[in-house]
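Notes to accompany the following structure.
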Amino acid sequence: MLAAKRAIFILPFDPLGFSEPSRLLKIPPSSGKDAIFIEELGWRVVIRGISWCRNKRRNEEEETAGMSFRRGNGGSGGGGELSTRGMVSKNWTFLLCIGSFCVGLLFINSWTMPEAKDMIRATGTENNKMNLVANDCNLRTLNKKGESKEILGKISNTPEALQTLDKTISNLEVELAAARAAQESILASAPPTETLNPTETTGPRKYLMVVGINTAFSSRRRRDSVRATWMPQGEKRKKMEEEKGIIIRFVIGHSATPGGILDKAIEAEHSKHGDFMRLDHVEGYLELSAKTKIYFATAVSMWDADFYVKVDDDVHVNIATLGMTLAKQRRTKPRAYLGCMKSGPVLAQKGVRYHEPEFWKFGEEGNKYFRHATGQLYAISKDLASYISLNQHLLHKYANEDVSLGSWFIGLDVEHIDDRRLCCSTPPDCEWKAQAGNVCVASFDWSCSGICNSAERIKEVHRRCGEGEKALWNASF
């Protein structure tokens, strides 16, 4: 075997390595394991050469002994001559042994073994590259795993941590709903792209509150009485929207036969007053829960406001007092639910007013509902309205719309605000409170769930319990 300038020449047959140059096989050297293998191969050549010399010497001794034995027995000289012909002389044997030894040493010394430092450095470099790639791909994953373990550790330590995590999740869900609703509102209110001036920036107007007055096709006289008392009309309503950020609309859907006489009557009324908000909803008393849900979803998509209010058309409202009440909550309570909170009995008996067909869901007969705002007037913040808008297809509807609204907020981090000024009784109750400086937000008769015979009596309530026309224009929200 021969070696020269980092190339290996392998002789495929002779253990001593003598052969014709044309039969050499050239293999380029490598590093690491190849170098160790070649060094080991050189030593094998040396050892094999020495072993060959020993075997040759032993064979010669045996041949010499055999010749002596044959001569001792009178064998012919011809047999000795034939044995001598197959033998190699001692000088040639000695030279071949030394040559094999030298060739092996030459092959070993001509190969430069890579230094251990280089091998370690190369291995370390490869490992670093692999670590860099792995860390770059899995850095966030590892961090998240570490954070997850830390969070799970905290949860297992204290029940308070679990409650905090539940609140955080609910907060994120509500904030996500609000962000999506805001985006939809911006897209819905933005003008077409071809009409925009690139140098100007436009955005939706921010309002304090949107007041939706729930009404029906048969309530024309109630609507006219509201317009004549606490709801500004014409230019005053536009001024209220622009200066005070207050939107007021009558909320109604359509009849079972769209385009019929009932819908045409509402269209004619709207063309005169321009104060309707039409919903994609079929009107019906048993559909109030669905109407309430659609109202909030529609209102939050049309106007960007801090609060969304629902009120019945047989309730008297002091708009300035309502605005100041809500303005106090908008900075401190982002998920506020305002109203007169109650917990009435679950009525299982059929045929009675406010019967609850799903009474069995509330436990044993005679149980009460969870706390919720009475249905005459309540207000929710934008985050909650957005939550209803995004989850309206999943929210369950009970027979009573105020119960349905309260059930939608169970499990959320919502601030229930019980304000009794939102459910004052008609005079003399609301009148006495106004004289004492505690003006009511809303007034109605509990026995009628609204002002009894409101079309005739609401003017009297407004005269005795109203805040005065100047209150709205002097108010600062």
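The values are calculated or read from the model by the stated rules, or taken from the named source; none is laboratory data. Keep in mind it's a predicted model, so treat the numbers as computed, not measured. Every residue, glycine among them, receives a Cβ derived from its backbone with ideal geometry; neighbour counts consider all protein chains shown. All accessible areas refer to the heavy atoms of the entire protein, side chains included, with ligands and DNA or RNA removed. Shrake-Rupley method; radii C 1.70, N 1.55, O 1.52, S 1.80 Å.
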Kirkwood calc, the stretch 235-277, C-alpha pairs only, radius in angstrom 11.6
Binned at 10 Å starting from 0, the alpha-carbon pair-distance distribution of the stretch 231-325 in whole percents comes out as 13, 43, 36, 8, 0
For the stretch 359-414, Rg(Cα) over 2.2 N^0.38 Å is 1.19
Using a 1.4 Å probe on heavy atoms of the protein chains only, the accessible area for Glu243 in Å², nearest 10, reads 110
Over the stretch 287-326, the quotient of the Cα radius of gyration and 2.2 N^0.38 Å is 1.31
Share (percent) of C-alpha pair distances in the stretch 359-476 greater than 19 Å works out to 60
The distance between the Cα centres of the stretch 320-365 and the stretch 219-280, in whole Å, is 26
Charge dipole of the stretch 212-355 built from unit charges on the beta carbon (Lys, Arg +1; Asp, Glu -1), centred at mean Cα; most positive-end Cα among Ala299, Leu347, Ile248 is Leu347
With no solvent term and unit scatterers on the alpha-carbon positions of the stretch 285-353, Debye gives log₁₀ I(q)/I(0) at q = 0.14, 0.18, 0.25 Å⁻¹ of -0.64, -0.98, -1.37
Here the Cα Rg-to-2.2 N^0.38 Å ratio for the stretch 392-456 is 1.47
